[in-house]
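The block underneath contains the structure these notes are about, expressed in C-alpha cells.
The values are calculated or read from the model by the stated rules, or taken from the named source; none is laboratory data. For clarity, every value in this text was computed on a predicted model and none was experimentally measured. Ideal geometry is used to build each Cβ from the backbone, glycine not excepted, and the neighbour counts take in all protein chains shown. Each accessible area value is taken on the protein alone, full model and side chains, heavy atoms only, with ligands, DNA and RNA left out. Shrake-Rupley method; radii C 1.70, N 1.55, O 1.52, S 1.80 Å.
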Amino acid sequence: MKFQRQAKILDLIEKQEIETQEELSEQLRLIGYATTQATVSRDIKELRLIKILSPQTGKYKYAVAATEVENSFSTRLRNIFKECVTDINIAQNIVVIKTLPGLGQAAAMAIDAMRNQSVVGSLGGDDTVFIVMKDNDTAERFCTEARGMLS
C-alpha cells in the first residue's frame, strides 16, 4: 500500500501543481487513499520532494529533486521499481514490463529517471510499460540491466 500511495504521489505532482500537504492529502483522498498529515509528511520526506517555483503560476509546488535522479535511479525509485515489477520481456527493440495493478506509471517514471540515452520513449499504463529502444542490441542490454535490479 505504501509503494502504491507513493507512486500515486509522484504521479499527482507530475500532473498537477500541488502547493501544500493538505492539498496533496485531499487529492489522495479523492482517488481512494485515506491518509493523515503525518503519513503525507513522511512520504514527502522519503520521496525527497522539494518545492519549486512554477513558471506557469508563479506559486510554489512539490517536485522531485533533480539531483536525486541524475544519471541513475534514486534509491526510492529503485525500490518502487523493484516492488512493482512482476515480469520483463523483450520483443526486438521493445521492452515490455509487467507490474502490479496501478503501478505501471510509477515503473515508467523510474525508467524515465534513468535518463538512458538508448531509450527512445516509454509509455506506462495501469500494469504494463512499453519501452522503445534505439535497436535490438540496446533493448537486450536494457532488459538484462532491468532484470538485474529486481534481484
What full-extension length gain, to one decimal in nm, is calculated for Lys82 and Ala65 as 0.36 nm per residue of separation minus the Cα-Cα distance? 4.1 nm
Of (1) 15.9, 47; (2) 16.9, 53; (3) 17.8, 56, which one was derived for Rg and Dmax of the Cα atoms in Å from the structure shown? (1)
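For Lys51 and Lys134, compute 0.36 nm times the residue count separating them, minus their Cα-Cα distance, and round to one decimal in nm.
Numbers: separation 83, 0.36 × 83 = 29.88 nm, distance 3.46 nm.
The span from Lys51 to Lys134 would gain 26.4 nm if fully extended.
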Within the chain, what's the longest run with no trypsin sites (Lys or Arg not before Pro) in a DSSP loop and at most 16 other beta-carbon atoms within 10 Å? Give the range, please. 60-114
Probe 1.4 Å, heavy atoms of protein chains only: per residue, the accessible area of the chain in Å² is 55 Å²
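When only C-alpha pairs under 8 Å and at least 6 residues apart count, what is the relative contact order of the range 1-146, in percent?
Values: 226 pairs, mean separation 28.3, N = 146.
Here the relative contact order equals 19 percent.
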Helix axis angle, 136-149 relative to the chain longest principal axis, alpha carbon, degrees: 50 degrees
Over the range 1-127, with every protein chain in place, what whole percent of the accessible area is carbon and sulfur at 1.4 Å, could you tell me? 49 percent
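Can you work out the FRET efficiency for the pair Glu14 and Thr144, with r the C-beta to C-beta distance and R0 = 22 Å, to the nearest 0.05? Please report the intermediate quantities before stating the final value.
On the way: r = 28 Å, r/R0 = 1.28.
Calculated value: 0.20.
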Any residue on another chain or 5+ positions along whose placed amide H is under 5 Å from the amide H of Ile90 is listed here as Val96
Could you state the angle between the C-alpha long axis of helix 2-15 and the longest principal axis of the C-alpha atoms of the chain, as a value from 0 to 90 degrees rounded to the nearest 10? 80 degrees
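Note down the magnitude of the dipole of the range 1-141 about its Cα centre, charges +1 on Lys and Arg C-beta and -1 on Asp and Glu C-beta and zero elsewhere, to the nearest 20 debye.
Working: 18 positive and 19 negative charges, 71 e Å.
Once rounded to the nearest 20, the dipole reads 340 debye.
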